[in-house]
1. Take Ile313 and Trp415, extend 7 Å from each Cα along the Cα→Cβ direction, and tell me the distance between the two endpoints in nm.
2. Amide H of Ala479: which non-local residues (sequence gap of 5 or more, or other chain) have their own amide H closer than 5 Å, using H built in the peptide plane?
3. With labels modelled as points extended 7 Å from the Cα through the Cβ direction, what inter-label distance (nm, one decimal) is found for Thr61 paired with Val224?
4. Regarding the range 536-616, what's the average projected area of the Cα-atom convex hull, expressed in nm²?
5. What does the charge add up to near Ala11, with Lys and Arg as +1, Asp and Glu as -1, over the other residues with Cβ less than 14 Å from its Cβ?
6. Would you mind counting up the charge near Ala295? Only other residues with Cβ under 10 Å from its Cβ, with Lys and Arg at +1 and Asp and Glu at -1.
7. Using θ = phi - 60° and the Karplus curve 6.51 cos²θ - 1.76 cosθ + 1.60, what whole-Hz ³J(HN,Hα) does each residue of the range 421-426 get, with Gly and Pro shown as x?
8. Considering just Cα atoms, how many Å³ per residue does the convex hull of the range 269-396 enclose?
Amino acid sequence: MRTVAGPEAGALAARARALAVLRIRGAALAVALLPAAVAVVLLAGGATGRIGGGSHDEGWTALRWAVVGGALLVLLLAAAVAAVIVRAKPALTPTVPIAEETAPDLYRLVRDLAERLEVPAPSAIALTPDCDSWLEDRTHPAHEGRPGEDRPPPGASRAVHTVGPSATDRADRLGSGRSRADRQERRAPRAPVLVIGSPFLWWMRVAELRALLAPVVAGTGPSVHPDIAAARRFVRGLDAAVAIAASGDDDPASGGGTGSPLGRAVRRPALAFVGWIARLLLRGCRDHAAQMERAVAAAASERAQAVDYGLRIVAQEQVGLAYAGWDRLLTRVALPAWRMGRWPSRLDAGVVSALTELSRRDRLAEGFASRLSERPACDLLEEPGLIDEATSLLAARLFHGGPPEPGPDWSPVDWGQYPEEVVDRKWRQEAARLHRVLEERTDPSGPPPAPAGTPIPPTLARVMDRLTATTPDGAATGADGLGEDLAARLTVELAREEAAAHRATAQARQARTAEGAGGDPWIDGFAPLLPLQPPRTGRELLADHVTAMVCCAAVDTAGAAPGLDWLDGPALLVAGRRRADLSHPVLTLVEDGDAAPLRSWLAEVGVRPEKPVRLV
């Protein structure tokens, strides 16, 4: 008896679990057809006289029609549930498609890798603004012609792959005269799309990328097996049906709750029933589906063991480094720009600078220069700049919720323009907000108010005087009193501005939807996917605004300049060097009401706090 080991064992385990999922599907179909089968037996028995007849014929007749009515009801419900599951559109990851003519070397690398692994090559390649890579099935018929799906980058042609069955496939199903073998061949599952994290292309070398993709590409082997593909389609359809039921609409991309009140009143209970059935089936096949995916992953990993194993260890180390640099680039650098309607157009190029700086700071630079001398994976693209711009815009949409196209209030910014157009503008916006809040404050312990109609100049000295003001009994108000009041007012003011920005974004989105232009409800309905920055306390907001006022004063009176730190974001440059020692004096002023450390810092840099600063 032959013992099966290696990737074949994992593939057999995956197929066994897939068959278990399909058996659950078959059992559900059998349950739906059981009343109809009983009704057929009763009708056939009555027609032949084998069931009923004699004095009890009226009872058998009533039973037959009751069973027939129940069977028709069950069939109608089953057909409705099946229609929702079949029509349900499984969620697809928003990506930037890569046409083969725009990246022939990348396609060649992937195909050579698939040939080496003895598996089918992926049907297409797409990029995602994330540090991950996977295979994604995009053959569901409901995806055909979906709005906003995978728009190509500006200036690049659309990817060569198509989503859903072709016209020829549909003709084959209707019986076009082709042979049965041809129809079976065309109905064979198509290989999934390979989705690659865009930071990997810019940070990793070609050999590292090939090693990293080896276990991912190896997964195309099990993916094209008919049983596994059918089981995955069934599970994804159930999951999409649950999402439809939760949204209360037959198309979650439409926003839910559309139509007349009567239509909603009828549709919601029906979808609730569909959701109950779908959840019941999902609970039944959840464990089998999870075991199937684990077996597929194990088989793919086992198959890829012989391909670039040593390089894969190095590549996995670079994955952790890339994730850390990408996260800091988004939260510290991209987020301030997104909040003011600008999106960095070269995020992937920026991650290289961020990771280079991170490697130097963490003393990981041993052998660093020799590694960077190797060919970067982004050289596999014909026009990496266009691809970078497209993925940068998609990242802004996913992580911030920006519009799908550039516009007057949503324009790209290059890294060379970032200090002037983002950092300096951010500081002056925060300084203006702090000045506004101070003008609204009426503090009897502070300086006397200016005469009506007299503008109060925005100066750093005024901020410091307010935060070091004392009460009549001589107590400082900076750790308690005025500091808490300013922090609370800043929190309210910032929340008001963010609410207004959200309303404007929602109105613009509705206008685009009404005009039928741009946008993808699958993205716009869920973006931002996650908060990039945890909520800041009132004291942190106050410290940030005081820091912004100090930076504005340094730029206006001491010849300092705004700068960009790839890991920490906005930075103050004095004599061409970053000053990272400002946070402690500012915190001492905000938390303790002690301005002495900040005054010493200002004197050292040459800042004149009594001079007005320029606001936005």
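A short reminder: the numbers here are calculations on the coordinates, not readings from a lab. Everything numeric in this text was worked out from a predicted model, so none of it was measured. Note that each Cβ is placed from the backbone with ideal geometry, even for glycine, and that neighbours are counted across all protein chains shown.
1. 3.2 nm
2. Gly593
3. In this crude label model, Thr61 to Val224 measures out at 6.2 nm.
4. For the range 536-616, averaging the hull's shadow over all directions gives 5.7 nm².
5. Summing Lys/Arg as +1 and Asp/Glu as -1 gives -1.
6. Taking every other residue near Ala295 into account, the sum is +2.
7. So the J values, rounded to whole Hz, are 8, 10, 5, 4, 5, 4.
8. Given the Cα convex hull of the range 269-396, per-residue volume reads 206 Å³.
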